[in-house]
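Participant: Just passing along the structure, written as structure tokens.
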2 protein chains.
Amino acid sequence: MHALGTHLLIDLKDCNPEVLDNLEEVRDAMVSAAKEAEATIVDVSFHEFNPIGISGMVIIAESHLSIHTWPEYGYAAVDIFTCGEQIKPMEAAAYLIERFKCKNPSVIDMKRGMLSVNGEKLPHKITGSHLQAVSR
Amino acid sequence: MHALGTHLLIDLKDCNPEVLDNLEEVRDAMVSAAKEAEATIVDVSFHEFNPIGISGMVIIAESHLSIHTWPEYGYAAVDIFTCGEQIKPMEAAAYLIERFKCKNPSVIDMKRGMLSVNGEKLPHKITGSHLQAVSR
């Protein structure tokens, strides 16, 4: 079987709360994680909430990374959704576990878009030489 | 048990390909879905890829909605991640199924951040009167 997307659902418990509450740290960690995965970054959007917590997205040509942090619980929910075979989402996950000083991580690897059941590969829309993101 | 977040993983097969390939339609559908869920929209970012396909995120005060479309397969992968009890993510999912004319949807409801095991509710960071998103 072949899927269009790989989706890592990453629950990070027992992280360093100070890192999770620092907008610049969280944004830099997520952007760096995208680079660890060898993704092509298209857009970055991070927001801090009152009184506490950060939400952010990194849109990549190969799909996205997202994070929501609860510093008060030392917890962050991260998703890394990728397509294509060039990209390395698990390296991004490992990077974030280290960066957030997470002592209790879990990673679930889900396949999205299981459209082919006879083993053939589905061509995916992003190939290096054809990549062209249009922002509006 | 009580979780911080509700995460709907939505696979939409057999959708109308023309809708999935129309940036304005996809963006409007996702923003409207966020409103159906009674979410507070913080940021919106949508991108069209060459030759085909759209990726987009709606960051909401209560977390996010994301979509990646493969019009060539009539397929879209949608995620709706929410926290709090006021919000109605399943209504957003139903709205998108209708909007994309999806004939073969699946919705998985995952709980994220299962930090409380003794039944007590965890207060969440977003409450209506304290909501204040800071964009930088």
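Participant: Filter the stretch B:48-72 for residues that are without any contact (Cβ under 8 Å) to a residue 24 or more places away in the chain and not small (G, A, S) and give the result.
Facilitator: Those that are without any contact (Cβ under 8 Å) to a residue 24 or more places away in the chain and not small (G, A, S): B:F49, B:N50, B:P51, B:M57, B:I59, B:H64, B:H68.
Participant: Have a look at A:I80, A:I87, A:I60 and point out the one that is in contact with a helix residue (DSSP H, G or I) (Cβ under 6 Å, 6 or more places away or on another chain), under 26 Å from A:E25 (Cβ atoms), modelled with pLDDT of 95 or more and more than 9 Å from chain B (Cβ to nearest Cβ).
Facilitator: On inspection, the qualifying residue turns out to be A:I80.
Participant: Inside the stretch A:56-115, can you point out the residues that are assigned to a strand (DSSP E or B) and open to solvent by 10 Å² or more (accessible area, probe 1.4 Å)?
Facilitator: Across the stretch A:56-115, the qualifying residues are A:N104, A:P105, A:S106, A:V107, A:I108, A:D109, A:M110, A:K111, A:M114, A:L115.
Participant: Taking the condition of being within 20 Å of A:E98 (Cβ to Cβ) and either facing chain B (nearest Cβ under 7 Å) or at pLDDT below 95 (or both), how many residues in the stretch A:47-57 meet it?
Facilitator: Residues meeting the conditions: 0.
Participant: Follow-up question, since we're still on this one. So, in the stretch B:4-26, exactly how many residues are open to solvent by 20 Å² or more (accessible area, probe 1.4 Å) and in contact with a Gly (Cβ under 6 Å, 6 or more places away or on another chain)?
Facilitator: 2
Participant: Consider the stretch B:27-39. How many of its residues are surrounded by 16 or more Cβ atoms within 10 Å (Cβ to Cβ) and either touching a helix residue (DSSP H, G or I) at 6+ places or on another chain (Cβ under 7 Å) or within 11 Å of chain A (Cβ to nearest Cβ) (or both)?
Facilitator: Final tally of qualifying residues: 6.
Participant: Another question, if that's okay. Would a scan of the stretch B:13-20 turn up a residue that is over 29 Å from A:E48 (Cβ atoms) and within 10 Å of chain A (Cβ to nearest Cβ)?
Facilitator: yes
The values are calculated or read from the model by the stated rules, or taken from the named source; none is laboratory data. The structure displayed is predicted, hence computed values, not measured ones. Here Cβ is always computed from backbone atoms with ideal geometry, including for glycine, and neighbour counts include all displayed protein chains. For the accessible areas, the whole protein counts, side chains as well, though only heavy atoms, and no ligand, DNA or RNA atoms are used. Shrake-Rupley method; radii C 1.70, N 1.55, O 1.52, S 1.80 Å.
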